[in-house]
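Right, one structure below, let's go through it.
The values are calculated or read from the model by the stated rules, or taken from the named source; none is laboratory data. Since this is a predicted model, take the numbers as computed values, not measurements. All Cβ positions, even for glycine, are placed from backbone atoms using ideal geometry, and neighbour counts span all protein chains on display. To get the accessible areas, we keep the full protein, side chains included, count just its heavy atoms, and leave off ligands, DNA and RNA. Shrake-Rupley method; radii C 1.70, N 1.55, O 1.52, S 1.80 Å.
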Amino acid sequence: MAKIQNSKQHNLILGIETSCDETAAAVISGGDTILSNVIWSQVAIHHPYGGVVPELASRKHMEKIVPVVEKALADAGADSESIHGVAVTCGPGLVGALLVGLSFAKAFAYTTGLPLTGVNHLQGHIAAIYLEPDPPSFPFVALLVSGGHTNLYYVAGPMEFEHMGQTRDDAAGEAFDKVAKLLGLGYPGGMVIDELSQQGDPERIRFPRVFLDKNGFDFSFSGLKTAVARYVQGEKTDSGSIPDIAAGFQEAVVDVLVHKGISAAKAKGCRHIALVGGVASNSRLRERIRQEGEAAGITVHIPSPELCTDNAAMIAVVGYHQLSKGARSSLDLDAYSKTSHSGRLGVVRRHSGKDIIAPFL
Ligand code: KG4
Ligand code: ZN
């Protein structure tokens, strides 16, 4: 087995991601440069069912994992000889789907003698920002908004997180998907609502903004989803009013996310925010948080849209940092469906008088 001494020895990392409905593999160099980034989306497979069917997702990952990894290596001009380490998502996500990537990564690492490291998917979303040309300097606040999570973190270093808040019910992306479904817009919902809202009036229908405790950093989106459902049931909605409903809903989500994100940065005295996760590709959210960040003297960093949604390059970045610290996983590494400690990224330890979350390894 290859021994890891320092970061130079594991410069090229193969990342593998199969936590949900994307089969993805990527090769990155030096922890911040993408050499290849292959994503095989299963959207067309799940579309007729209005959501991700876990069993179908696992089967498609099994079909696609080998060609996707082969393409990632070929696009990067790499092979198992030139790669220095393998990083694979081990949770949170659909366990059956995760196990496909995990089993492949273990077999690859075992047969090549390469070091393996298991990566937390949420940490991957945050690390996507390090692939951009102008990443935030530490410390910064990360607002992670995806299909399964809406979390706020204080990020003190590449592997150091303090959990500040999270949703108490639906994730923001989940709300987008559910509202799209009840408006008959299909799956996945976020992008359709984003596009349709551009033809709607965000002020015509004012849906509730749930801020919970004004000074706290938890979120709640299930009441908003219910308000949209009640509106649709109670009013005579024709297809002409759908863009206004979509825009009104989107504006309510964006108002809350922007307010909480900027307040969290102010509370921590941070001059930088990273907006990450699938919902960070929303055009209105990107526009509004940049505007309000600028007004507050806070620089907002957002990955390009293809690095906001699930990909393996972000997983490889975390793998790079973990392997640089000698954090290898053994071949009995397991998949997990949920992040423990209520969305925290790892175990709590004290650091300069603060609770800092060290990642799960
Ligand atoms: O991060 P991601 O790819 O997967 C998870 O880890 O969950 O996020 C997927 C979520 C879905 O809920 C999808 O509807 C949402 O991100 N999403 C969007 C947009 N693009 C994707 N939500 C709002 N606007 C978008 N443009
Ligand atoms: Zn994700």
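Structure notes:
- Condition check for A265: in contact (Cβ under 8 Å) with a residue 60 or more places away in the chain, in contact with a strand residue (DSSP E or B) (Cβ under 7 Å, 6 or more places away or on another chain), farther than 23 Å from S197 by Cβ and open to solvent by less than 10 Å² (accessible area, probe 1.4 Å): yes
- The residues of the stretch 183-224 that are within 14 Å of ligand 1 (Cβ to nearest atom) and under 23 Å from C20 (Cα atoms), listed by number, are L185, G186, Y187, P188, G189, G190, M191, V192, I193, D194, F221.
- All conditions but one from (1) within 30 Å of G216 (Cβ to Cβ); (2) of a type in the set (A, V, I, L, M); (3) within 16 Å of ligand 2 (Cβ to nearest atom) apply to A156; the one that does not is (3).
- Among (1) open to solvent by 10 Å² or more (accessible area, probe 1.4 Å); (2) part of a helix (DSSP H, G or I); (3) not hydrophobic (A, V, I, L, M, F, W, C), the one test that K236 misses: (2)
- Residue check for G248: within 16 Å of ligand 1 (Cβ to nearest atom), small (G, A, S) and either part of a helix (DSSP H, G or I) or closer than 22 Å to P133 by Cβ (or both): yes
- Residue within the stretch 203-212 that is at pLDDT 95 or above, buried (at least 16 other Cβ atoms within 10 Å of the Cβ) and either out of contact with any His (no Cβ under 9 Å at 6 or more places or on another chain) or not hydroxyl-bearing (S, T, Y) (or both) present: yes
- Only listed residue being within 13 Å of ligand 1 (Cβ to nearest atom) and either outside the structural domain of A313 (by TED's automatic domain parsing) or crowded, with 17+ Cβ neighbours inside 10 Å (or both), chosen from I65, I28, I39: I39
- Test: residue in the stretch 230-240 that is under 30 Å from L98 (Cα atoms) and touching a helix residue (DSSP H, G or I) at 6+ places or on another chain (Cβ under 8 Å): no
- Test: H259 is surrounded by fewer than 17 Cβ atoms within 10 Å (Cβ to Cβ) and under 15 Å from G293 (Cβ atoms): yes
- Flag for K260 being free of Cβ contacts under 8 Å to residues at least 60 places away in the same chain, at negative phi and among the basic types (K, R): no
- On inspection, V119 does not qualify as over 19 Å from the mean Cα position of the chain (by Cα) and either crowded, with 21+ Cβ neighbours inside 10 Å or at positive phi (or both).
- Test: V179 is within 16 Å of ligand 1 (Cβ to nearest atom), among the aliphatic types (A, V, I, L, M) and modelled with pLDDT of 95 or more: yes
- Test: D170 is under 19 Å from V279 (Cα atoms), open to solvent by less than 40 Å² (accessible area, probe 1.4 Å), within 11 Å of ligand 1 (Cβ to nearest atom) and not in a helix (DSSP H, G or I): yes
- Listed by first and then second residue, the pairs with beta-carbon distance under 7 Å, at least 6 apart or on different chains, first residue in the stretch 270-285 and touching a residue at least 60 places away in the same chain (Cβ under 8 Å), second within 8 Å of ligand 1 (Cβ to nearest atom) and in a strand (DSSP E or B), are G277/V145; V279/V145; A280/V145.
- Every residue from the stretch 125-143 that is within 16 Å of ligand 2 (Cβ to nearest atom) and surrounded by 24 or more Cβ atoms within 10 Å (Cβ to Cβ): H125, I126, A127, A128, I129, A142, L143
- In the stretch 69-91, the residues that are open to solvent by 10 Å² or more (accessible area, probe 1.4 Å) and touching a residue at least 60 places away in the same chain (Cβ under 8 Å): A76, A78, S82, H84
- Screening the candidates V192, V179 for the property of being buried (at least 20 other Cβ atoms within 10 Å of the Cβ) and either among the basic types (K, R) or more than 16 Å from ligand 2 (Cβ to nearest atom) (or both) yields one hit, V179.
- A171 being within 16 Å of ligand 2 (Cβ to nearest atom) and either in contact with a Pro (Cβ under 8 Å, 6 or more places away or on another chain) or not assigned by TED's automatic domain parsing to the domain that holds R284 (or both): no
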